[in-house]
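Asker: Structure provided below as structure tokens; questions to follow.
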């Protein structure tokens, strides 16, 4: 009789354990489903959050638009008949990453063109002339850029530089590592007739990231 | 019956140890084969041996470092850049302490940890990436690498400085017109190079030289020659003293040793000694505790465990082996228009230990020419030391 009771009690415990196991397994499966599923979704590139403290798509779009707006509000000193002709001659990459600064330059010039403020020299024509004269855009000296701009019949030249300063938290007892990444985008519009800088604009951005020092 | 049990246990024990050692040695064997193929000048075979590299391989960074070097020697500069950038990214991701990747090293050995590369190797990887960009005349990208070199050298946390990498960073800045940053780097190493003084302009001024250069007529240009000297095969104990640069039979100047990678490795090892020693002590204590606990339950199993745990105890000797041993730089005056040079490596007794012809490339306005080469001694076929532009 005592043995029967013990057996019944044992069966009851087993049932309880099985129920708990089913509940735990179901909840793991339900919560873990997303983790094991590949999914793709459309995002607005301007609104999507950032995943890195270094240069990303958000910087490209923000800098392009902000810089184009800032340049559009500046009056170019000498207004020629019609819209002034501008040639983009590269933004120098002075960062620690291999950033495609040509994309930044293209985004700025596209926005300027859409604002209707300037006419642009075709990038292919510019590159062909550079190639004919044995230059690569990134290897041009300032003097070469001016000469190329004049030969292309442009009145204004857009150049610039992108600078990066990175600093990390020092050695200490900690569970996470902090890092600041600062970028400064500086763009100049130079009057090719006078050789003077007509417009100069700067954009700064700082992102602080905190990464764990222990992971899986 | 008992005897059979012991035999089967011993077999299992041997089996486990063999599997563990084989799994550790498998990747080492591929690396060794590729390194031998590389030193024999069989670059294509070496690249094939190092391809593919599984993403979860603990030696992934090392594979990429080695393959990058083979590709650079095979004049596949784009490929070498890609490998080294991937390696830098992978090594950076490993800065995080991984519970799954690093914790086993507390019980087994440091060899099971993912290879991150010593600080000097990670800096030199950036230096060699910059050299590949220079070979492609992509000066702005070379300067990006130079900024990384400077950042790593400024934050090297007591690890040794690398004058060669500093000079190369300075040269990249100079080429890109950033003379202030260049001067700052040159100044850092002004008195660190034996037998020469580095001026603010990057000029390498020999303090004493056995070489008397003939005066050249006409407009003077400069040649910057970046030379990697590897372990010289069939050359006995001969160590290279310097490399002489000739125009035909006329001597133009000589190189100076900026970095001895052997010394960098030694200084790094000494710096890490204390940390590694403490970790080894902790590991041995942990192993002893585990064996002690097992003895209480089963003496035979404890004996197996003891053999297994101590059988797996081994030193982590992984390193980037295709790097040259000595890094030399020559910056000399050359006659305008001269593009091809003859390089002669000599030992301390003045004996020739290697000789080769190299071509140079123009830097921007053609006043400075750049040559990158590697001299590996008489054991190498002539073509192996050269890099095509």
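Asker: Taking interchain pairs and intrachain pairs at least six residues apart, which have beta carbon atoms under 8 angstrom, with the first residue in segment B:39-68 and surrounded by fewer than 17 Cβ atoms within 10 Å (Cβ to Cβ) and the second assigned to a loop (DSSP other than H, G, I, E, B)?
Answerer: Listed pairs, sorted by first residue: B:44/B:74.
Asker: Here is a follow-up. In segment B:78-112, what count of residues is obtained for those that are at pLDDT 85 or above, buried (at least 19 other Cβ atoms within 10 Å of the Cβ) and away from every other protein chain (no Cβ under 14 Å)?
Answerer: Summing the residues that are at pLDDT 85 or above, buried (at least 19 other Cβ atoms within 10 Å of the Cβ) and away from every other protein chain (no Cβ under 14 Å) in segment B:78-112 gives 5.
Asker: Mind checking whether some residue in segment A:170-192 is within 14 Å of another protein chain (Cβ to nearest Cβ), under 24 Å from residue B:363 (Cβ atoms) and either at pLDDT 90 or above or touching a helix residue (DSSP H, G or I) at 6+ places or on another chain (Cβ under 8 Å) (or both)?
Answerer: No, because not a single residue in segment A:170-192 is within 14 Å of another protein chain (Cβ to nearest Cβ), under 24 Å from residue B:363 (Cβ atoms) and either at pLDDT 90 or above or touching a helix residue (DSSP H, G or I) at 6+ places or on another chain (Cβ under 8 Å) (or both).
Asker: Spot the failing condition for residue A:143; the list is (1) part of a helix (DSSP H, G or I); (2) modelled with pLDDT of 80 or more, and only one is missed.
Answerer: It is condition (2) that residue A:143 fails.
Asker: Condition first: surrounded by 18 or more Cβ atoms within 10 Å (Cβ to Cβ), farther than 29 Å from residue B:66 by Cα and at pLDDT 85 or above. Now tell me which residues in segment B:307-335 satisfy that.
Answerer: Scanning segment B:307-335 gives B:332, B:334.
Asker: Identify the residue in segment B:117-151 that is more than 14 Å from chain A (Cβ to nearest Cβ) and not in a helix (DSSP H, G or I) and, among all such residues, is nearest to residue B:270 (Cα to Cα).
Answerer: It comes out as B:118.
Asker: I'd like the full set of residues that are within 14 Å of another protein chain (Cβ to nearest Cβ) and not in a helix (DSSP H, G or I), limited to segment A:121-140.
Answerer: Selection gives A:133, A:134, A:135, A:136, A:140.
Asker: Those residues that are assigned to a helix (DSSP H, G or I) and surrounded by fewer than 15 Cβ atoms within 10 Å (Cβ to Cβ), I need them from segment A:50-60; list them, please.
Answerer: A:57
Asker: Could you pull out the residue among B:276, B:269 that is at pLDDT 90 or above and in contact with a helix residue (DSSP H, G or I) (Cβ under 9 Å, 6 or more places away or on another chain)? Please lay out each step first, then the result.
Answerer: Values: B:276 fails: at pLDDT 90 or above.
One residue alone meets the criteria, B:269.
Asker: Please find, within segment B:336-369, the residue that is modelled with the highest pLDDT out of those that are in contact with a helix residue (DSSP H, G or I) (Cβ under 9 Å, 6 or more places away or on another chain) and closer than 17 Å to residue B:229 by Cα.
Answerer: B:343
Asker: Further question: Among the residues of segment A:92-120, write down those that are touching a helix residue (DSSP H, G or I) at 6+ places or on another chain (Cβ under 6 Å), surrounded by fewer than 18 Cβ atoms within 10 Å (Cβ to Cβ) and within 14 Å of chain B (Cβ to nearest Cβ).
Answerer: A:98
Asker: Shifting gears a bit: Outside any loop (DSSP other than H, G, I, E, B), buried (at least 20 other Cβ atoms within 10 Å of the Cβ), more than 24 Å from the chain's Cα centre (by Cα) and within 14 Å of chain B (Cβ to nearest Cβ): is that true of residue A:89 in this structure?
Answerer: Values: outside any loop (DSSP other than H, G, I, E, B): yes; buried (at least 20 other Cβ atoms within 10 Å of the Cβ): yes; more than 24 Å from the chain's Cα centre (by Cα): no; within 14 Å of chain B (Cβ to nearest Cβ): yes.
In short, no.
Asker: Let me ask you something else. Looking only at segment B:93-140, how many residues end up being in contact (Cβ under 8 Å) with a residue 40 or more places away in the chain and under 20 Å from residue B:371 (Cβ atoms)?
Answerer: 13
The values are calculated or read from the model by the stated rules, or taken from the named source; none is laboratory data. As the structure is a computational prediction, the values presented were derived from the model and not from experiment. Here Cβ is always computed from backbone atoms with ideal geometry, including for glycine, and neighbour counts include all displayed protein chains.
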